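Each value in this text was obtained by applying a stated rule to the coordinates, not by laboratory testing. A quick note: this is a predicted structure, and the numbers were derived from the prediction, not measured. We place every Cβ from the backbone using ideal geometry, glycine too, and count neighbours over all the protein chains shown.
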Amino acid sequence: MNKYTKILAVVLVAALKACTPQPQSTADARVEALLKQMTLEEKIGQLMQKNGDHPQLHDLIRAGKLGSVLNEPNPEKVYELQRLAVEESRLGIPLLIGRDVIHGFRTIFPIPLGQAASWNPALVEEGARIAALEAASQGINWSFAPMIDVTRDPRWGRIAESYGEDHLLNGIFGAATVRGFQGSDLAAPHTIAACVKHYAAYGWAEGGRDYNTVSIPENELHDIILPPFKMCIDAGAASVMTAFNEINGIPATGHIPLLRDVLRHQWGFEGVVLSDWESLTQMVTHGFTPSNKEAAYMAMQATMDMEMASTAYETYLPELISEGRISIKQIDDAVRRILRMKFDLGLFDNPYPFLGDFPPLLAPDHLAAAKQMAMESVVLLKNEGVLPLSTGIRRIAVIGPLADAPHDQMGTWVFDGKKENSVTPLQSLRELAAEQGLEIYYHRALELSRSRQITNLPAIMRDVQRADAVLLFIGEESILSGESHCLANIDLPGAQEELVQRIAAAGKPTAAIIMAGRPVTFEKVEPYLGAVLYAWHPGTMGGPALVDLIFGKASPSGKLPVTFPRHVGQIPMYYNHKNTGKPASDQTWERLDDIPAEAPQLSIGNTSHYLDYGFEPMYPFGYGLSYSSFQISNVTVETPRLKAGENLRVSFTLTNTGQMEAAEVVQLYTRQLFGSRTRPVRELRAFEKITLAPGQQQQHVFEINTRELGFHNPDMVFVTEPGTYHLWVSNCSQSGTQQSFEIIR
Ligand code: NOJ
C-alpha cells in the first residue's frame, strides 16, 4: 500500500464511520446490539403498523413481526399486546401504540382551529399535556397530531383540525402541541410521542376537496407549507406522517425530494416517518407506481420508515432486497429509527408505563383547562350592545339545534370523548337559571343543523315573544367537517337561515352562538343578529365556557386564525395575498344591481374583484371584538435602519380603555415593498396576548430577527432582502397605523 492508497483508506474508513451512525449513548448501543440479532423478517416486521382489530395481530406480535398497533385504546388489551411483544416474541421488542389524540383524549378541548383562535400557545401546550396524560394512562404512547397543514379553504373538512391559514400560527401552535405531548422527557410515563402531519401540503387540495391534487409553486411550498414542520421538528417532534396527496405530480409518501432531501438531509430529522393509512399503496391509484412493489421501492428510497395499514413492505421488501434494489442498510436505518423511538419512550425499560399513577380521566383540573381553552377560543364577531346579557334580562329563549348537542359540540376527530361527559350550553344555562331565578324557554327548532323543517314554529314564536332576549345556537354538526367531509356550500345548513329571520322578526335582542368546524358564510342573516359569538366546536366544557361569556363573567378574547369569506365563490381568500397589478380599493364598483344596462365595457373600472361580492372578506384574519376596548399607542420602531441578520425591535403601549378586565391580542405585521419576487401585502411576524384590568396600561416590545422576514428568491435561495418594509402593530390584519423600517446592506 503506497502513501496515497493509505491516505485514501483512512479517508474511506472515516467516511464510512460518518455514514454509519456511531453509538453515542446507551440507547444507541442497545439499538445496535438489537439490530445485530434481528432476522430480516423481524426487521421488516418493525416497519409495519396494523389496526387493533387485525385478525392476526397476536400471532404477528408473537412472531416478532409487528412494530406498531393503532386504534387500540383499551388498556387491558394494550397490556396483553405489549405482554405478547415483550414476553413471547424472540427479542422482546415493545410496541408503539398509536392513536388519533387530536384535541383531547376523554376531556375534549376545542377543535384545533378553535384552539388557534385563542392565540394562546401556553394554553394549547397545556391542553396537549393533559391529552397526553389521559391517553398515556390508557396505554397509548404515540399521538397522530399535531396537524399543521396550512389551508386557505374553508370548504376543506379538515380545516377544523388545522391551526388556520397562516404558517406562523401553524408552526407556533404545532410546536406548542409537540411540547405538550412530549414534555421534557419522552420516557416519563405521562408523555407520548407526537407525529407531525401531513407532510406535506395536504391542506392545499384543489377546490378544498379532501385528498385532491396539490399544485404549488416550489417557493410557496418552501415559504408557506414547510416552515411549520421545521418549527415542530425543532421543538423535538419524534415523528412525521406523510400525506395522502400528490404534490406537483409526486405522491407525498414516495416524495424523495421532500422526505429524503429536505426532511432528512437538509433538516437532519432522525425520527420516524410514518405513512398515512394505505397512502403507500395508494401511489398505485395515483398512477405514480405500476404496482405495490414499486410503491414500496419508492417509499423506501424516500426514507419512509413505517407503513400504516397496507402491507407492501412486508410483502415486497424481501424481494426488493434480494434483487439488490433496496439495501440492508436502508432497512437497518428505518428499523434503527423505530427502535430508537421505542427506547426514547422508555418502553424497553417499562413497556407498561400506564400501570403507574395517573389522575383519573376528566380530572377537575383537566376540565378547568378545557373550559379555559373553550373560553379563549370563542371569537366575538359582532356586538350591538346585546352581550353580555344585562342583569335585567330574566326570561331567555334558547333556540337551535346546537344548544343541547353533547355529541356535536365535541367536533370532529373525537375517538375517545364521550358525549355523556359534555356539558351543553342548555345544561349550563339551566343551572344558572336555577341559581338566579331566570326563566329559560328552550326549543331545538331543527332536529339537526341540516334539517330543512322547523318544528313547532308557533310555540317557538310564542316563547320568543315573551322572552327578554334570544340566544340562538346554530351552526354545523360535527359530521359536517373532518376527514373527507368537505362542503361545496358553506352557508348555514338546513333551515337555519329561515329560523334566524323568523326569530329576528320578533325584534328581541338576539345573539347567535355559532358552533362549527369551519368558517361558515352567514352574511345573509348577519344583519338580523345583534351579536355573534363564534364558538367553533368547543369540546366537553363548551356549555359553561359559553355561559360565562354570555353573562360577562369574562370577556371574549379570541381572534380569527382564518379569513371568513362573504361567499363561497370568493375562496381562496386569505390575508397574506399579493397586491396584484390592479388591486381593488374602496372606489371599486361592487353592486351588481347598480350596473346600468348596456354599460360601456370600461365604465365600471378594471380592478381585481368580483362584481357581485367585491374583494373584502366578511371578517378578516386576526379579527375579534371584546367587551372591553383597547388602545395601541406609542408604536416605535426602535431599529429603523438595520442589517439582515440583526434584530428588529418595535415597542408599543397597550391600554385597556374599557370597563372590564379583558385580553387583547396584539399582532405585528410587515410588508416588504419590493423584492426579487413580489411579496404579500402583510405577513404576521409575532403576536402577544395581554390581559389588562380596566384603565391598566402596559409597554411591550416585539423583537424578531430579520432573518425571519426572508423568503426563497427566484434562484430558490432563502434571502432577507435589503429595502423598505412597512410595519403595523394592530389588533387585526386590516388595521393599525403604518410605520416603516429599512434593511440596509
Ligand atoms: C387517516 C388520517 O389522514 C390521519 O390523519 C390519521 O392519523 C390516520 N387516518 C389514522 O387514523
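So how tilted is helix 26-37 from the main axis of the chain? Cα-based, degrees 0 to 90, rounded to 10. Result, in degrees: 60. Axis angle, to the nearest 10 degrees, between helix 121-137 and the longest C-alpha principal axis of the chain: 50 degrees.
Cα centroid separation, the range 632-665 to the range 205-281: 35 Å.
Shape of the range 596-655 from its Cα gyration tensor (a ≥ b ≥ c, root eigenvalues): rounded if a/c is under 1.5, otherwise prolate when a/b > b/c, or oblate? In terms of gyration-tensor shape, oblate.
When a/c reaches 1.5 or more, the comparison of a/b and b/c decides; with that in mind, is the range 594-705 rounded, prolate or oblate per its Cα gyration tensor? Oblate, because a/c is 1.5 or more while a/b does not exceed b/c. Taking amide H as placed 1.01 Å from N in the peptide plane, GLY104 has its amide H under 5 Å from the amide H of PHE109, each at least 5 places away in sequence or on another chain.
Computed from the C-beta positions of ASP357 and ILE595, the FRET efficiency with R₀ = 56 Å rounds to 0.20. Identify the residues of the range 648-675 with backbone N under 20 Å of a label point that sits 7 angstrom from the Cα of VAL719 along the Cα-to-Cβ direction, or state none. Counting only backbone N, you get 671-675.
With a 10 Å Cβ neighbour count serving as the proxy for reagent exposure, in which order, fewest first, do MET48, MET341 appear? Please list the in-between numbers first.
Numbers: MET48 20, MET341 25.
By the 10 Å Cβ count, ascending: MET48, MET341.
For the pair SER327 and PHE615, a Förster radius of 41 Å applied to the C-beta separation gives a FRET efficiency near 0.15, rounded to the nearest 0.05. Computed extension length for ASN248-ARG394: 46.6 nm, one decimal, from 0.36 nm per residue of separation with the Cα-Cα distance subtracted. Counting neighbouring beta carbons within 10 Å and listing from fewest to most, the residues TRP267, TRP536, TRP589 come out as TRP267, TRP589, TRP536. Among 651-662, 166-177, sorting by the average number of other beta carbon atoms lying within 10 angstrom of each residue, highest first, gives 166-177, 651-662. The packing ranking of peptides 247-253, 396-402, highest mean first, is 396-402, 247-253, where packing means the average number of other beta carbon atoms within 10 angstrom of each residue. Other residues within the sphere of radius under 12 Å centred on the Cβ of MET515, judged by their own Cβ, net out at -3 (K and R +1, D and E -1).
Phi angles of the range 53-60 translate, via the Karplus equation with coefficients 6.51, -1.76, 1.60 and θ = phi - 60°, into HN-Hα couplings of 9, 5, x, 9, 3, 5, 5, 5 Hz per residue; Gly and Pro are given as x. Applied to the range 622-636, the Karplus parametrisation 6.51 cos²θ - 1.76 cosθ + 1.60 on θ = phi - 60° returns per-residue 3J(HN,Hα) values of x, 8, x, 8, 9, 6, 9, 9, 10, 10, 9, 9, 6, 5, 10 Hz, with x for Gly and Pro. Spacing of the modelled spin labels on GLN631 and GLN587, each 7 Å from Cα toward Cβ, amounts to 3.4 nm. For the pair GLU220 and ILE704 in one chain, pulling the backbone fully straight at 0.36 nm per residue adds 172.1 nm over the alpha carbon distance.
Listed here are the pairs LYS524/LYS582; LYS43/LYS329; LYS36/LYS293; which of them are more than 20 Å apart at the Cα?
Details: LYS524/LYS582 29 Å; LYS43/LYS329 11 Å; LYS36/LYS293 26 Å.
Listed pairs above 20 Å: LYS524/LYS582; LYS36/LYS293.
If a/c stays under 1.5 just call it rounded; otherwise compare a/b with b/c (prolate if a/b is bigger, oblate if not). Do that for the range 527-661, with a ≥ b ≥ c from the square roots of the Cα gyration tensor eigenvalues. Intermediate results must be reported in sequence, preceding the final value.
Numbers: a/c = 2.35, a/b = 1.27, b/c = 1.85.
Oblate shape, in that a/c is at least 1.5 and b/c is the bigger or equal ratio.
Using R0 = 25 Å, the C-beta based FRET efficiency linking ILE744 and ASN579 works out to 0.55.
Only lysines eight or more places from LYS578 in sequence, or on another chain, were considered; none has a Cα closer than 20 Å.
Please arrange ILE233, ILE108 by how many other C-beta atoms lie within 10 Å of their C-beta, fewest to most.
Numbers: ILE233 21, ILE108 31.
Placing the least packed residue first, the sequence is ILE233, ILE108.
A straight Cα-to-Cα reach below 16 Å connects LYS689 with the lysines LYS559, residues fewer than 8 places away in its own chain not being considered.
Do any trypsin sites (Lys or Arg not before Pro) in the range 32-96 lie in a loop, going by DSSP, with at most 15 other beta-carbon atoms within 10 Å of their beta carbon, and if so which? Please report the intermediate quantities before stating the final value.
Values: sites: LYS36, LYS43, LYS50, ARG62, LYS65, LYS77, ARG83, ARG90; in loops: LYS65, ARG90.
Answer by residue number: ARG90.
Listed by chain and number, the lysines placed with their C-alpha closer than 20 angstrom to that of LYS197 are LYS50, LYS230, LYS342; residues fewer than eight positions away on the same chain are left out.
Given the Cα-Cα distance of ARG83 and VAL681 and 0.36 nm per residue of separation, how much length would full extension add, in nm?
Values: separation 598, 0.36 × 598 = 215.28 nm, distance 5.75 nm.
Taking 0.36 nm per residue and subtracting the Cα distance, the gain is 209.5 nm.
Between helix 328-344 and the chain there is an angle of about 60 degrees, using the helix long axis and the longest principal axis of the Cα atoms.
Computed over the chain, relative contact order equals 12 percent, with contacts defined as Cα pairs under 8 Å that lie 6+ residues apart. Residues whose amide H lies under 5 Å from that of TYR610, counting only those 5 or more places away or on a different chain, are PHE615; hydrogens are built 1.01 Å from N in the peptide plane.
Within the set of other residues whose C-beta is less than 14 Å from the C-beta of GLU498, count the net charge using Lys and Arg as +1 and Asp and Glu as -1.
Working: positive: ARG450, ARG452, ARG502, LYS524; negative: ASP491, GLU497.
The answer is +2.
Label positions at SER25 and GLU526, each projected 7 Å from the Cα along the C-beta direction, are separated by 5.1 nm.
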